[in-house]
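> Quick one: the structure is below, questions incoming.
The values are calculated or read from the model by the stated rules, or taken from the named source; none is laboratory data. Source: prediction; values computed, not measured. Cβ placement follows ideal geometry from the backbone for every residue including glycine, while neighbour counts extend to all protein chains displayed. Each accessible area value is taken on the protein alone, full model and side chains, heavy atoms only, with ligands, DNA and RNA left out. Shrake-Rupley method; radii C 1.70, N 1.55, O 1.52, S 1.80 Å.
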Amino acid sequence: MRKMICALVALIGITVQAKVTLPRFFSDNMVLQQQSECNIWGKADANKIVSIMTSWDNKTYKVKADSKGDFEVKVKTPKAGGPYEITLKDQESTLLSNVMIGEVWICAGQSNMEMQMKGFKQQPVEGTTEELLRCKDANLRLFTVKRHVSLTPEWDVTGQWSEANSASVRDFSATAYYFGKALRATLDVPVGLIVTSWGGSACEAWMAPEWLKAFPKVNQHVTEEDMKKLQQRCPTALYYGQLKPLIGYTMRGAIWYQGEDNVPRYDYYASLLKAMVEGWRNDWKQGDFPFYYCQIAPYDYSLIEWKDSQYLREQQAKAETMIPNARMAVLMDAGLEYGIHPRKKRQAGERLAILALANTYDVKGMPDFAVYKEVTFQNDTAVVVFDRSKEWVYFEHGTTSKNFEVAGSDKVFHPATKVWVSRNRVYVVCDEVKQPIAVRYAFKDWVDGDLMHDGLPVSSFRTDNW
């Protein structure tokens, strides 16, 4: 009798393990990257053959699970389309239905990426009500990774794919949604967005331990107690908990909205972000995939007893020159003086989309962000010149601006008294500074940016390095 029971238990164990187990992002409603060899992985019985059948080409792939039951296979995807099915079979079949082929983007960062269309409590997103009335789109698919920290690599995340509708969009990242909506409208292909974010998270939290060795100011020996205390600010905790499980999911590129938490540590942010992007790219093994990110918006940081966020914005602008295939979306006109979570998420998402459409998809006609190039001094007048400014710069609210400051040899800055534009140059005069040697534009925590080019704001900048 005991032998029969043991045999029955063993048979039940085999039956339970016979069904293929997949990470949650390989599921119904998912989007696979078009015209690629897409990675699919999971768990099955040890050393067993797993069959993967793709309905778009009726092809069957076979792969042998290793001694631990892990398997990975590459499936070839066609041009955008769907819906399709994928069947995985060890002894029992697993069917993935309503699968689309299109463009996939990873969307990461802290609270301004996480901020849902419904907003936070008493912190709304502008335009949500109108958007929820028209957001239904079966070809826009959304996946949000649930918050989770870990100091060891996780295999899976919590979340599920959904088609865009009022219920799913309401609880989805507003920045990512507007990004995906713009891609859908212009490219006319299915789009899949995977959001992995956590409000207040540090850049260091999204990095592997070995990448942080170059930064002596970062704690190199974090413990479980550190993680429990710091949570999303703990170095490596979100890399292992929310990013590592996704690495390998074949995609087009990544968007990033983070930096507010690093304001007190602004001095090495450009190098930190460069190291993070290089690490992600090495892990993903997709070359220098596109990386587009938002510059943090203006806000009165004294309200949280911080200051000098303009130096963090400067570091973000610097990072654009240090990281290949990376561009920055400027939000100088989309901040909120009394709130660190700006309401203008449409601007954030659409400006990221402009960068992706122009630089990744080669869509013609997109505007560009002008950038500060150099300054010359002609007696009492500073002449500021810009790059990427073929449409010429201008002021949003008239013919002049109150956001410029000038300093002389004493290094004391005074508000400019005369500011005007000619072509792609801004001329700046201050009656108190007869021999100017430095100019700053919007170089403070809170400012309503008004220097524009082709409908897009110009970043805050300074010509000095004091």
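> Could you look through region 60-106, keep only residues that are within 22 Å of P245 (Cβ to Cβ), charged (D, E, K, R) and touching an Asp or Glu at 6+ places or on another chain (Cβ under 9 Å), and pick out the one that is most open to solvent (accessible area, probe 1.4 Å)?
K74
> Ok, one more. Assess whether Y240 counts as being in contact with a Pro (Cβ under 6 Å, 6 or more places away or on another chain) and assigned to a helix (DSSP H, G or I). Talk me through it step by step, then tell me what you get.
Details: in contact with a Pro (Cβ under 6 Å, 6 or more places away or on another chain): yes; assigned to a helix (DSSP H, G or I): yes.
Considered against the rule, which asks whether it is in contact with a Pro (Cβ under 6 Å, 6 or more places away or on another chain) and assigned to a helix (DSSP H, G or I), Y240 comes out as yes.
> If you don't mind, there's one more thing I want to ask. Return the residues of region 278-309 that are in a loop (DSSP other than H, G, I, E, B), in contact with an Asp or Glu (Cβ under 8 Å, 6 or more places away or on another chain) and under 24 Å from G349 (Cα atoms); say none if nothing qualifies.
I296, P298, Y299, D300
> Keeping to region 265-281, report how many residues are over 27 Å from W446 (Cβ atoms) and either touching a helix residue (DSSP H, G or I) at 6+ places or on another chain (Cβ under 9 Å) or open to solvent by less than 10 Å² (accessible area, probe 1.4 Å) (or both).
Selection size over region 265-281: 7.
> Can I ask one more? Could you give every pair whose Cβ atoms fall below 6 Å, whose first residue belongs to region 306-317 and is closer than 11 Å to K444 by Cα, and whose second residue is open to solvent by 20 Å² or more (accessible area, probe 1.4 Å) and assigned to a helix (DSSP H, G or I), counting only separations of at least 6 or pairs across chains?
Partner pairs satisfying both residue conditions: Y311/Y266; L312/Y266.
> Got a sec? Which of A270, A185, A275, A176 is free of Cβ contacts under 8 Å to residues at least 12 places away in the same chain, among the hydrophobic types (A, V, I, L, M, F, W, C) and either under 30 Å from N165 (Cα atoms) or assigned to a helix (DSSP H, G or I) (or both)? Give the derivation first.
Numbers: A270 fails: free of Cβ contacts under 8 Å to residues at least 12 places away in the same chain; A275 fails: free of Cβ contacts under 8 Å to residues at least 12 places away in the same chain; A176 fails: free of Cβ contacts under 8 Å to residues at least 12 places away in the same chain.
After ruling out the rest, the residue left standing is A185.
> If D57 satisfies every condition in (1) within 28 Å of R184 (Cβ to Cβ); (2) free of Cβ contacts under 8 Å to residues at least 40 places away in the same chain; (3) part of a strand (DSSP E or B) but one, which is the exception?
Condition not satisfied by D57: (3).
> Among what's in region 173-209 and is charged (D, E, K, R) and touching a helix residue (DSSP H, G or I) at 6+ places or on another chain (Cβ under 8 Å), pick the residue that is nearest to K118 (Cα to Cα).
K181
> Anything in region 294-305 that is touching a residue at least 60 places away in the same chain (Cβ under 8 Å) and either farther than 22 Å from A358 by Cα or aromatic (F, W, Y) (or both)? List them, or say none.
Scanning region 294-305 gives A297, P298, Y299, D300, Y301, S302.
> Given the residues V406, V363, V419, V383, which is the only one that is in contact with a helix residue (DSSP H, G or I) (Cβ under 8 Å, 6 or more places away or on another chain) and not hydroxyl-bearing (S, T, Y)?
The conditions single out V363.
> Out of curiosity, is Y394 open to solvent by 50 Å² or more (accessible area, probe 1.4 Å), at pLDDT 95 or above and either in a loop (DSSP other than H, G, I, E, B) or farther than 23 Å from K318 by Cβ (or both)?
Judged against the criteria, Y394 is a match.
> Right, another one. Where residues in region 114-154 are assigned to a helix (DSSP H, G or I) and of a type in the set (S, T, Y), which of them is least open to solvent (accessible area, probe 1.4 Å)?
First pass over region 114-154, keeping only residues assigned to a helix (DSSP H, G or I): 114, 128-132.
Filter once more, keeping what is of a type in the set (S, T, Y): 128-129.
Numbers: T128: 17, T129: 101 Å².
Checking each candidate, the answer is T128.
> Can you tell me which of E114, E103, E131 is touching a strand residue (DSSP E or B) at 6+ places or on another chain (Cβ under 8 Å) and either among the basic types (K, R) or closer than 24 Å to D188 by Cα (or both)?
Every option except E103 fails the conditions.
> Further question on the same structure: Please verify whether region 344-362 includes one or more residues that are among the β-branched types (V, I, T) and within 20 Å of A182 (Cα to Cα).
Of all residues in region 344-362, those among the β-branched types (V, I, T) come to 354, 360.
Those left that are additionally within 20 Å of A182 (Cα to Cα): 354, 360.
Scanning region 344-362 turns up at least one residue that is among the β-branched types (V, I, T) and within 20 Å of A182 (Cα to Cα).
> Separate question: With the requirement that a residue be touching a Phe, Trp or Tyr at 6+ places or on another chain (Cβ under 9 Å) and part of a strand (DSSP E or B), what does region 23-48 give you?
Applying the first criterion (touching a Phe, Trp or Tyr at 6+ places or on another chain (Cβ under 9 Å)) to region 23-48 yields 23-33, 38-44, 48.
Correct list: V31, L32, Q33, C38, N39, I40, W41, G42, K43.
> With the structure loaded, tell me whether V385 is under 21 Å from E320 (Cβ atoms) and touching a Lys or Arg at 6+ places or on another chain (Cβ under 6 Å) or whether it fails that test.
So V385 fits the description; yes.
> Give me a count of the residues in region 191-217 that are over 17 Å from the mean Cα position of the chain (by Cα) and open to solvent by less than 10 Å² (accessible area, probe 1.4 Å).
Count: 2.
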